[in-house]
Structure formats: C-alpha cells, structure tokens
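Any read-out appearing in this document is the output of simple, stated calculations on the displayed coordinates, not a laboratory observation. Keep in mind that this is a model prediction, so the values were computed, not measured. Every residue, glycine among them, receives a Cβ derived from its backbone with ideal geometry; neighbour counts consider all protein chains shown.
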Amino acid sequence: MIRSTLLKLSENRGFAGWVTSNGTTRRMARRFVAGETLDEAIAAARVCNDGGMLVSLDYLGENVATITDAQHSRDAYLEVFERIAQEKLHANVSCKLTQLGLDINNEFCEGLVLSIVERALGFDNFLRVDMEGSIYTQRTIDLVKRVRSRNPAVGTVIQSYLYRSETDISDLLAYGCRIRLCKGAYKESEEVAFPQKADVDANYIRLMQMLLSSGFYHGIATHDPRMIAATIRHAAAKQISKDDFEFQMLYGVRTDLQRRLVRDGYRVRIYIPFGNDWFPYFMRRLAERPANVAFLVRNFFRK
Ligand SMILES: Cc1cc2nc3c(=O)[nH]c(=O)nc-3n(C[C@H](O)[C@H](O)[C@H](O)COP(=O)(O)OP(=O)(O)OC[C@H]3O[C@@H](n4cnc5c(N)ncnc54)[C@H](O)[C@@H]3O)c2cc1C
C-alpha cells in the first residue's frame, strides 16, 4: 500500500517540486545520490574503488520529451566514459533508454545507444541498460539485442517480479548478453508481475541459478541477505568461481553488507547515481523502504 502510493507520487509534478526544493528532503536524497555533478560522482566512485568495490555510474534522468534533451544525455554519458578512463577508475556505466529518447523514437534512441556503446568499447568498458517499467521491457530487450549484435559492450537488466523474465533470460543468453538480475522497482499490475514478495523472491533464486550456470559473467543485484546466501550456496555447490559473477548494490544501501562481501572475497559493484534529476530515483528508493518515509509525508501535508 505505502509502496504503491510512493511509486504513484514519483510521477506527481507538484510533489516533485516540493521534494526537490526542500532542504530536508534534499539532504535525505544525498544518502542515495552521490551529488548533482560528475565530479561528486567520481569522488564517490574513488572511495568505493579504494574500498575494493567496482562501480557503475548512472547519470540520472528518465522519460525525456525532446531530441535535444536525449542528445544532452548521450553527451553526458560520453563524458562519463572519458572521465572514468582519465581517472583510471574501475567503473562501468548504467543508463535508461527513456533518458535517451525511447519515448520519442526507437531508431533515434538506438542510434544514441550505439554511439555510447562504441565509446564504451573504445575504452574497453561496458554500458548497462537499466530496465524500466514493463511497458518498455520488450522494446528494451529488442534494442539491446540489436545493439549487441553489432557491439558486445552492452548488457541489460531482468526483473524477477515479471512473469516473463525466465523466457527473456533464455532469449538474451542466446545472444551471449550479460544480465543484471534485480527484483524490480516499478509499480506493476498483477497481470504482468507477481503480487506476492515470496513469489518474487522464489523467482529471483530460480533466475539467479539460471544465470550463474550459463557460463557468462552476470550481476546479482540485491541487498537481500537471503538472495545473497542462496547465490553463495549455489556458486559453491556448482563450483562457480567468485570471479565469475558479481554482486551489485545501490549507493547508500546496506554498506555493512557491501563491505562484508568484499572481505569474503566476492566481487561487489556499487551503482552510483548522480545528476539533478534525482526525484523519481529517490522515490523508488523510499518505496523499497517505507520505514523512512513517514516523516516525509507528514512534512508534505503540513506545508
Ligand atoms: C545495482 C542495482 C541496480 C538496479 N537496477 C534496477 C533496474 O534496472 N530496474 C529495476 O526495476 N530495479 C533496479 N534495481 C532495484 C531493484 O529492483 C530493487 O527494487 C531493490 O534492489 C530492492 O530489492 P532487494 O533485492 O534489495 O530486496 P528487498 O527485499 O526489497 O530488500 C532487502 C533488504 O535490503 C534493504 N533495502 C533494500 N532497498 C533498500 C532501500 N532503498 N533503502 C534501505 N534499505 C534497503 C533492506 O534491509 C531490505 O530488508 C536495482 C538494484 C540494484 C542493487
């Protein structure tokens, strides 16, 4: 109930205006967002690398409405790859297709993604295409497959809350695609997604086993100790090396667990978002942890 209210509010402009201009909520957001500038993200990435963690940098933004905005996002991503190389960081990059014009035109978006992936390959690096709401799933998979058939430096994300995900994984593995597995962060109907958390978790474990046994290098993205324990058990039982997959977690979430996994010799990548357009990302993080939000809502209705 709270989760779905927060996800609905993440599309509300009035609420966005209040959250992004309010000092308290801006400070709250800094727990999950490294800053508004690339320099701040680079500094956060350096701290993670120094702590033995890999990084994925995400320039925040989604659902752009103009070609100019999409091209601006493309340019920002090209710069991120340049800076990663200059700074010799152990980092790749994550992006969203709706930030690169998917709502405007598929071919246009694909052209921008290709140019970013070419830059990635030039630096021997990698672009991860995040997965957004289910209305974009098929188009995202199709676009990633087309780009990947021309350039291998791209992968995508699969969400265990969707019924279709097992089929999508088989499809993507046939292209040798690297996959990040997560539970899924958007508001979805019972027609497309498991309504019960227990089913999402059970599917997560099934899909994780499929990925780890595939022979390709994948990302297991979760902060759930039960999902992590199941992954560690499966890897040990199947003699899959700790170097053949990575755990992925979000900046600011379960840093204790991040450090513990590094100490235990696992590869851990931290997803570091930065930029001005942090409101929807922040709301999804609150929706995952409604315990944090009571006071946010109280302040909003008091304003
Ligand atoms: C690296 C990475 C990339 C992701 N990319 C995508 C994507 O492309 N598309 C997409 O739909 N989703 C993405 N997600 C989000 C994901 O789908 C989940 O919404 C999110 O990870 C929470 O699920 P969980 O596996 O941590 O398990 P949960 O069962 O939700 O949480 C397990 C435990 O983790 C902690 N926790 C989880 N979230 C938070 C939080 N926000 N604040 C504080 N504690 C928290 C709590 O202790 C909680 O009990 C990504 C997540 C990660 C880690």
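Taking 16 Å as the cut-off, the amide N atoms of the stretch 196-211 that come nearer than this to a point 7 Å along the Cα-to-beta-carbon line of E166 belong to 199-211.
Ranking G215, Q239, Y204 by Cα position along the charge dipole of the stretch 172-247, where only Lys, Arg, Asp and Glu carry charges on their C-beta atoms, puts Q239 farthest toward the positive end. Maximal additional length on extending the F123-D199 stretch stands at 23.4 nm, based on 0.36 nm per residue less the C-alpha distance. Centre-to-centre, using Cα atoms only, the stretch 217-262 and the stretch 1-70 are separated by 24 Å. With the highest mean first, a sort of the peptides 176-184, 129-137 on other beta-carbon atoms found within 10 angstrom per residue produces 176-184, 129-137. With a ≥ b ≥ c the root eigenvalues of the C-alpha gyration tensor of the stretch 144-276, is it rounded (a/c under 1.5), prolate (a/b larger than b/c) or oblate? Cα axes put the stretch 144-276 in the rounded bin. Using the Stokes-Einstein relation with a Kirkwood hydrodynamic radius computed over Cα pairs, the translational diffusion coefficient of the chain at 20 °C and a viscosity of 1.002 mPa s comes to 109 µm²/s. Which FRET efficiency value, to the nearest 0.05, is calculated for D50 and W18 with the Förster distance at 51 angstrom and r the Cβ-Cβ distance? The formula returns an efficiency of 0.90 here.
Stretched out straight at 0.36 nm per residue, the stretch from E191 to I2 would grow longer than its current Cα-Cα span by 66.0 nm. Shown here for the stretch 200-261: trypsin sites (Lys or Arg not before Pro) in loop regions (DSSP other than H, G, I, E, B) with at most 14 other Cβ atoms within 10 Å, namely K238.
Using C-alpha pairs under 8 Å with a sequence gap of at least 6, the mean separation divided by the residue count of the chain gives a relative contact order of 25 percent. For the stretch 1-139, the normalised intensity computed at q = 0.09, 0.15 Å⁻¹ comes to -0.31, -0.87 (log10 of I(q)/I(0), Debye sum over alpha carbons, equal scatterers, no solvent). Taking a point 7 Å from the Cα of E36 along the Cα-to-Cβ direction, the residues of the stretch 53-77 with backbone N closer than 15 Å to it are 60-61. Which whole-number percentage describes the relative contact order of the stretch 67-208, with Cα contacts under 8 Å and a sequence gap of 6 or more? This gives 19 percent for the stretch 67-208. The A237 and H72 beta-carbon pair, evaluated with R₀ = 51 Å, returns a calculated FRET efficiency of approximately 0.60.
Annotation: the stretch 232-278 has a Kirkwood hydrodynamic radius of 12.0 angstrom, from the mean reciprocal C-alpha pair distance.
Each of Y161, Y266, Y77 was scored by other Cβ atoms within 10 Å of its Cβ. Listed from fewest to most, they are Y266, Y161, Y77. Dipole size of the chain about its Cα centre, with +1 on Lys/Arg Cβ and -1 on Asp/Glu Cβ: approximately 1100 debye, rounded to the nearest 20. Between F108 and E288, the modelled label-to-label distance comes to 3.1 nm, taking each label 7 Å out from Cα in the direction of the beta carbon.
Straight-line reach from K187: taking Cα to Cα under 22 Å and skipping same-chain neighbours fewer than 8 places apart, the lysines in range are K8, K96, K197. Working note: 222 nm ellipticity from helices only, DSSP H runs with n ≥ 4, each -39,500 (n - 2.57), summed and divided by the residues of the chain, gives -15500 deg cm²/dmol to the nearest 500. Between N276 and Q138, the contour length at 0.36 nm per residue exceeds the alpha carbon distance by 46.8 nm.
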